[in-house]
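Accompanying notes for the structure given below.
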Amino acid sequence: MIALINTSRAIRVTKLLKQKCIFRVGAVMIVSTCIFNRTVAQVKNPFVFRDAGKETGLLPEVDSIWGHGVGWGDVDGDGWIDLYVGTFHKAGYKPNMFFRNKNGKFQLDKQEALRISSRATGIVFADFDNDGDLDLYISSMPHDKDSSYLIQIQGCKLYRNEGNGVFTDISKDNAACPLSFGGRSATVLDYDGDGLLDILVGEDPMTGYNGSKTRSSRLFHNKGNLQFEDVTQAVGIPAGIPGYGVAAADVNNDGWPDLFLAANDGGSVLFLNDKHGKFYEAPGSRELFHWKGAGGANANNMVCGITFGDVNRDGLLDIVMGPHFQTPWIAPQPLRLFLNKGIKNGIPHFEEISQADGLTPLPMKAPHVEIQDFDNDGWPDIYTSIVKFSNGKP
């Protein structure tokens with residue numbers, strides 16, 4: 001759920017709280033953690049973004065699309081990062097697109113296997129068969145016969161990189177691509193330490209609309225040779241836990257990846273890895289990460305964004321969540337920041353400090369969140385996409 005960024009205007013500092021500086025940029029918001037308690041006048045070199053879509057060759061190809069997800073990866077080993085754009089393909093708009101990066105200029109690749117009609121959200125380039133090149137996984141909700149889509153929409157897809165960025169669709173009869181599964185976000189992890197990357201995919205909680213009769217996120221175990229099996233319930237993840245957003249990271253510093261499923265109506269749950277190939281629910285996580293006003297009778301008030309990062313550089317991974325509420329301009333919602341306050345008996349303990357640390361309520365939808373050091377000052381910053389729809393268009 002990523003909007004194109006139009007950031008030609010200079011970033012302006014709008015607020016300073018404690019050691020946090022808030023910057024607002026066109027269609028995005030970036031929160032920068034500052035090393036010292038400086039005044040606004042002392043922030044000499046705020047980072048500035050500009051829209052480079054046209055000069056890099058992405059525009060006009062990605063203009064006026066129902067863009068819903070992107071994935072980056074150097075698929076041909078030339079040292080330049082290539083780009084896959086996933087869309088919600090409606091009549092009159094464009095299907096998914098793959099762009100080759102040629103020395104900083106993007107060129108639309110004509111591989112028909114990749115120009116699929118989908119409702120894609122999660123796109124991951126990863127080397128699933130350990131052959132040295134990046135394969136491609138796309139999570140998508142399949143066709144919903146009751147929707148307004150006039151085009152046959154495909155569900156989750158898996159592609160093998162044959163070398164030099166040429167892809168073959170190997171989705172058929174592959175357990176990682178169930179025909180009736182409403183795939184949303186996706187990530188990879190090696191949950192059992194066997195040296196093969198597994199796939200975690202969240203499922204949309206709205207059955208029917210999601211092209212599925214279920215609302216259960218899935219963990220697909222990599223058996224080798226690009227074959228997978230659904231081990232979700234076998235490893236301790238119950239049925240009925242949806243995931244608009246998913247993330248995997250080691251939150252208790254035991255060397256094993258844990259996972260988070262973010263969603264309303266039964267989602268927003270942290271699972272810890274028991275170091276023996278199974279997961280257990282972190283005590284109290286449902287209550288802590290519950291988002292008041294999301295889901296239920298307000299099904300369009302969604303919890304989508306989820307990411308891990310060490311925002312205060314204490315060696316412990318923290319959590320940021322992002323909202324996709326229907327009318328935030330009426331009832332603004334903040335990004336939510338949960339600090340990892342320490343680990344006891346393998347259990348991480350989190351404390352929410354969202355608004356106290358400058359994450360004020362936003363009057364726009366903010367479904368995607370990232371933690372990165374955008375200004376190379378050694379401190380992680382928080383990014384969110386911002387989107388508002390009018391007459392069915394962003």
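The values are calculated or read from the model by the stated rules, or taken from the named source; none is laboratory data. Remember, it's a predicted structure, so these values are computed and weren't measured experimentally. Don't worry about glycine lacking a Cβ; one is built from the backbone with ideal geometry, like all the others, and counts go over all protein chains shown. What goes into the accessible areas is simple: the full protein's heavy atoms, side chains included, and nothing from ligands, DNA or RNA. Shrake-Rupley method; radii C 1.70, N 1.55, O 1.52, S 1.80 Å.
The figure for K344 is an accessible area of roughly 140 square angstrom, using a 1.4 Å probe on the protein chains alone.
Multiplying the residue separation of D190 and Y280 by 0.36 nm and removing their Cα-Cα distance gives an extension gain of 30.8 nm.
Across D109, D135, the residue with the most accessible area heads the list, and the full order at a 1.4 Å probe is D109, D135. Couplings for the stretch 199-216, taken from phi via the Karplus curve 6.51 cos²θ - 1.76 cosθ + 1.60 with θ = phi - 60°, read 10, 10, 10, x, 10, 4, x, 9, 4, x, 4, 7, x, 9, 8, 10, 9, 10 Hz in order; Gly and Pro are left as x. Over the chain, dividing the summed -39,500 (n - 2.57) contributions of all DSSP H runs of at least 4 residues by the number of residues returns a 222 nm mean residue ellipticity of 0 deg cm²/dmol.
A Förster radius of 22 Å combined with the Cβ-Cβ distance from N300 to T360 puts the calculated FRET efficiency at roughly 0.45.
Between the labelled values [x] 23.7; [y] 27.2; [z] 21.6, the entry that holds Kirkwood radius over Cα pairs in Å as derived from this structure is [z]. Taking label positions 7 Å along the Cα-Cβ direction at both D131 and Q372, the computed distance is 2.9 nm, reported to one decimal. Annotation: amide H of F167 within the under-5 Å range of E162, sequence separation 5 or more or interchain, hydrogens built in the peptide plane. Per-residue SASA remark: I347, around 30 Å² accessible (1.4 Å probe; ligands, DNA and RNA not included).
Residue-wise HN-Hα couplings along the stretch 322-337, as the Karplus relation 6.51 cos²θ - 1.76 cosθ + 1.60 with θ = phi - 60° gives them from phi, are x, x, 9, 7, 5, 9, x, 5, 8, 10, x, 10, x, 5, 10, 10 Hz; Gly and Pro carry x.
Roughly speaking, what is the stretch gain from K172 to Y93, that is 0.36 nm per residue apart minus the C-alpha to C-alpha distance, in nm to one decimal? Gain on stretching K172 to Y93: 25.8 nm. Here the stretch 152-246 is assigned +1 on the Cβ of each Lys and Arg and -1 on the Cβ of each Asp and Glu. Its dipole about the Cα centre then comes out at about 340 debye. The aspartates and glutamates whose alpha-carbon is closer than 15 Å to the alpha-carbon of K213, local same-chain residues fewer than 8 away aside, are D144, D146, E203, D204. When S185, S268 are compared by accessible area of protein heavy atoms, the largest-first order is S185, S268, using a 1.4 Å probe. Computed over the alpha-carbon atoms, the stretch 125-256 gives an Rg to Rh ratio of 0.98, Rh here being the Kirkwood radius from the mean inverse distance. Using a probe of 1.4 Å on the protein chains alone, the accessible area found for V48 is around 100 Å².
For the residues H143, H368, H349, a GNM of the chain with alpha-carbon springs under 10 Å puts the largest fluctuation on H349.
For the set S216, S64, the ranking by accessible area, highest first and with no ligand, DNA or RNA atoms included, is S64, S216 under a 1.4 Å probe. About its Cα centre, the stretch 277-321 has a charge dipole of approximately 160 debye under the convention of +1 per Lys or Arg Cβ and -1 per Asp or Glu Cβ, with nothing else charged. For the stretch 314-394, the residue among L316, Q372, I386 whose Cα projects farthest onto the positive side of the dipole built from Cβ charges is I386.
Distances between placed amide hydrogens fall under 5 Å for Q154 paired with S117, S118, R119, all partners being 5 or more residues away or on another chain.
For K223, the residues 5 or more places off, or on other chains, whose built amide H falls under 5 Å of its own are F228, E229. Let me make sure I get this right: for the stretch 205-284, a, b and c are the square roots of the gyration tensor eigenvalues over alpha carbons, sorted descending. Under 1.5 in a/c it's rounded, otherwise prolate if a/b > b/c, else oblate. Which is it? It is oblate, given that a/c is not under 1.5 and a/b is not larger than b/c.
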